[in-house]
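**Q** Got a structure for you, questions after.
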Amino acid sequence: MSQITYKAGKEPHAREHRLIFKNVDREGWDTSMDKYMSEGGYDQLKKALTWEPKAVTDEVKKSGLRGRGGAGFPTGVKWGFIPPNNTKPVYLICNADESEPGTFKDRYIMHQDPHQLIEGMVISCFAVGAKLAYIYVREEFPEAAKILETAIGEAHKKGFLGKNIQGSGFDLEIYVHRGAGAYICGEETGLIESLEGKRPYPRIKPPYFPAALGLYMCPTIVNNVESLCHVKHIMEMGGDEYAKLGTPRNTGTRIVGVSGDVVNPGYYEIEVGKVTMGELINDMCGGLRNGRRLKAVIPGGSSAKVLRADERFKIKKGDEEVEIGIEDIPMDFDTMMACGSMAGSGGVIVMDDSRSMAWVLNNLNNFYAHESCGQCTPCREGSLWMKKLSDRIVEGNASPEDVDTLESVAYQIDGKTICAFGEASSWPTESFISKFRDELIAGTDKEKKDSIKNPVTALAAAGL
Ligand SMILES: Cc1cc2nc3c(=O)[nH]c(=O)nc-3n(C[C@H](O)[C@H](O)[C@H](O)COP(=O)(O)O)c2cc1C
Ligand code: SF4
């Protein structure tokens, strides 16, 4: 393989470890089959087809891969949930809805390296016994849908899709299905309903865990775009070697998308847990803009609970409990959870000391009120009330009691709904109020009303 060079200004940071994004922003790279095959493209599929399907699943289990869509659930374990005595068809769905605010990674894979995704999908379908697969692409990615359609056509011509793939006896068709632009279509059971041609009302779990009762009530594996791409690299490296990347229980690489008040926002592929929050922000992203100080970080997409810059977190290191600050948090699933938040979809939103937390929370609440599917009362009514109450705060018309009411509404949603959107929508309010209560209350001071509307001066007005 020739030396890889990247487009000027798009070179990976020295701390990056590129597997999935190896070809993103690469000089001389394109999305064609010829280009992909010139560097061993589809070799891992050919190898997988000589194995027993269960051996592929075992390799994915060994790798320790955890889903990159949000929940961080072990991929191989999920595949193993297909009932052993199943006689129904099995489906695989690639979740390309990528709608969590702050998340921007899957789109680059689809736009710049579609065959990596298709190869990962065909191997995964072979492992789980799926003969039909869908890529559910959000409405806002029309170009990605076109690129994928072209790539699927090329894969057919080369015999990597269709009947009797590479003479193995394995048949598979992949279809691109375009969503209509709703956040809830990213939730796997809402996505399945949408794919069935219905309103994307999420299904209750149990019993409707997709691996048992999914598309058309058949076993269905739903995986994120990035997760499915990792499968190809697990085949290439072997599960054990792959598991050496990252840290124990948090293996491999993942793409984090950093947005907000840093000098160099963008995507960075890191070994999971090998980079701390401080290294990510201060070194990889070039620090905060205009010499400002860090105020808060939402570490895993907008639903993740906010972390305060001056918080102390108790985590386990071996058998010992240690206290760390925000900059010392390793970017991995387990530590982020121990710190009271989640690594989620890898979307890291950085806020400096010019940000008004009332304004940020209101922005999030507007999003969730707009996106609730409306099926369950606590979420439908509660998300709207959270928006109205935080509207009141930023408009300077709230009383201090409104902050308490806002908090109580959030806790009346959390844990009381059909799908995890309930938690996703209430966690921002719960965490912003628990960590920035003084600032939100100060924002209810009528005399400071005008300055509260302006996120930059709100802090000064609150005397913080
Ligand atoms: C409200 C909501 C929105 C979601 N949006 C997405 C999304 O856009 N993309 C995605 O991959 N997963 C999303 N998920 C997670 C999926 O339900 C599912 O867990 C994931 O696609 C499984 O893939 P993985 O195991 O590879 O992570 C969302 C979950 C919820 C509750
Ligand atoms: S929690 Fe919200 S988004 Fe999920 S099913 Fe209920 S109303 Fe719909």
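The values are calculated or read from the model by the stated rules, or taken from the named source; none is laboratory data. Just so it is clear, the structure is predicted and the values come from calculations on it, not from any experiment. Don't worry about glycine lacking a Cβ; one is built from the backbone with ideal geometry, like all the others, and counts go over all protein chains shown.
**Q** Given the structure, is Lys274 assigned to a loop (DSSP other than H, G, I, E, B) and closer than 18 Å to Gly72 by Cβ?
**A** Yes.
**Q** Then there is this: For Glu241, indicate whether it is in a helix (DSSP H, G or I), touching a residue at least 12 places away in the same chain (Cβ under 8 Å) and surrounded by fewer than 19 Cβ atoms within 10 Å (Cβ to Cβ). Can you show your working first?
**A** Numbers: in a helix (DSSP H, G or I): yes; touching a residue at least 12 places away in the same chain (Cβ under 8 Å): no; surrounded by fewer than 19 Cβ atoms within 10 Å (Cβ to Cβ): yes.
No, not satisfied.
**Q** Can you tell me which residues in segment 54-111 are among the small types (Gly, Ala, Ser), more than 26 Å from Trp29 (Cβ to Cβ) and within 12 Å of the chain's Cα centre (by Cα)?
**A** Result: Gly67, Gly70, Ala71, Gly72, Ser99, Gly102.
**Q** Give the number of residues within segment 201-214 that are away from ligand 1 (no atom under 11 Å from the Cβ) and crowded, with 22+ Cβ neighbours inside 10 Å.
**A** Final tally of qualifying residues: 1.
**Q** Still on this structure: Could you grab the pairs with beta carbons closer than 6 Å, sequence gap of 6+ or different chains, first residue in segment 360-382 and at pLDDT 95 or above, second one assigned to a loop (DSSP other than H, G, I, E, B) and small (Gly, Ala, Ser)?
**A** Pairs found: Leu364/Ser302; Cys379/Ser372; Arg380/Ser372; Arg380/Gly374.
**Q** If I filter segment 363-381 down to residues being over 18 Å from Ile204 (Cβ atoms) and more than 12 Å from ligand 1 (Cβ to nearest atom), which single residue comes out as surrounded by the most Cβ atoms within 10 Å (Cβ to Cβ)?
**A** Filtering first and then ranking leaves Asn365.
**Q** Select from segment 117-148 the residues that are surrounded by 16 or more Cβ atoms within 10 Å (Cβ to Cβ) and charged (D, E, K, R) and write down the one among them that is farthest from Tyr36 (Cα to Cα).
**A** Out of the qualifying residues, it is Arg138.
**Q** Where in segment 49-148 are there helices (runs of 4 or more DSSP H), lying wholly inside it, with at least 2 residues that are of a type in the set (Ser, Thr, Tyr)?
**A** Of the helices (runs of 4 or more DSSP H) lying wholly inside segment 49-148, those with at least 2 residues that are of a type in the set (Ser, Thr, Tyr) span 53-63.
**Q** State yes or no: is Gly186 within 16 Å of ligand 2 (Cβ to nearest atom) and modelled with pLDDT of 95 or more? Before you say what the answer is, go through the steps one by one.
**A** On the way: within 16 Å of ligand 2 (Cβ to nearest atom): yes; modelled with pLDDT of 95 or more: yes.
In short, yes.
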